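Read through the structure below, which is laid out as structure tokens, and then see the notes.
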Amino acid sequence: MSSTAYFAEITPEPLLRRIVLWSGVALAVASCLIILSLPVAAWLRLAGCGLWAAMAGREIRQLQRAWRACRRLRLRPGGDIELLEADGQWHAASLEAGSVLLRKAGWIRLRNRHGGRHGELLRGDSRSSPDWRRLQVIWRHVGA
């Protein structure tokens with residue numbers, strides 16, 4: 001296979017996206033409970049909890065918007081990454097620091113063409129998925 005035609009194409013799983021989303025919601029609620037238990041004036045606790053909830057809600061909405069736009073990921077041998085967006089077109093993106101790929105799972109941080117950032121929790125098996133195997137090879141080659 002020519003190296004120019006060699007790429008890994010991964011479809012993010014809706015279940016993993018829901019796990020990330022609901023863990024974020026649970027942690028935001030837990031954080032508000034911690035803020036409400038602080039030994040400061042009641043109005044400060046309420047203001048802090050409200051501010052925290054607003055910030056968490058904004059992050060969750062941004063994540064949902066990015067996920068709605070991203071249908072598939074394509075990683076090429078040189079480390080270039082593309083996203084299949086809702087418009088049906090592949091658009092260039094870039095990998096962000098903090099991306100990790102292990103043998104059966106990965107957390108890929110991306111920046112889309114509009115500058116928005118999001119993460120994708122991925123999983124796969126090299127034995128049953130040629131794309132996951134190619135992703136592993138490209139990841140090691142690029143040194144990501």
Item to check | Check: the stretch 22-144 dipole with +1 on Lys, Arg Cβ and -1 on Asp, Glu Cβ, in debye | outcome: 280
Item to check | Using a Förster distance of 25 Å, the FRET efficiency for R109-V40 (Cβ separation, nearest 0.05) | outcome: 0.15
Item to check | Kyte-Doolittle mean at least 1.6 and Cα axial length at least 15 Å: DSSP H helices in the chain | outcome: 14-36
Checklist entry - Restricting attention to the alpha-carbon atoms of the chain, what are Rg (one decimal) and Dmax (integer), both in Å? => result 18.5, 67
Checklist entry - For the chain, modelled as a Gaussian network with Cα springs under 10 Å, which listed residue fluctuates most, P39, P14, P130? => result P39
Checklist entry - Sorting L83, L95, L38, L51 by accessible area (1.4 Å probe), largest first, what list results? => result L51, L38, L95, L83
Next on the checklist: Using a Gaussian network model on the chain with a 10 Å cutoff between Cα atoms, which of R127, R103, R76 fluctuates the most?
Outcome noted: R127
Checklist outcome for this item: Between the alpha carbon centres of the stretch 1-78 and the stretch 104-144 the gap in Å comes to 18
Checklist entry - So which residue, out of S37, S23, S99, gets the largest mean-square fluctuation from a GNM of the chain using Cα contacts under 10 Å as springs? => result S37
Checklist outcome for this item: Computed over the chain, the relative contact order (Cα-Cα under 8 Å, seq sep at least six) in percent reads 25
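The values are calculated or read from the model by the stated rules, or taken from the named source; none is laboratory data. Keep in mind the model is a prediction, meaning the values are calculated, not measured. Counting neighbours? That spans all protein chains shown, and the Cβs are built from the backbone with ideal geometry, glycine included. Each accessible area value is taken on the protein alone, full model and side chains, heavy atoms only, with ligands, DNA and RNA left out. Shrake-Rupley method; radii C 1.70, N 1.55, O 1.52, S 1.80 Å.
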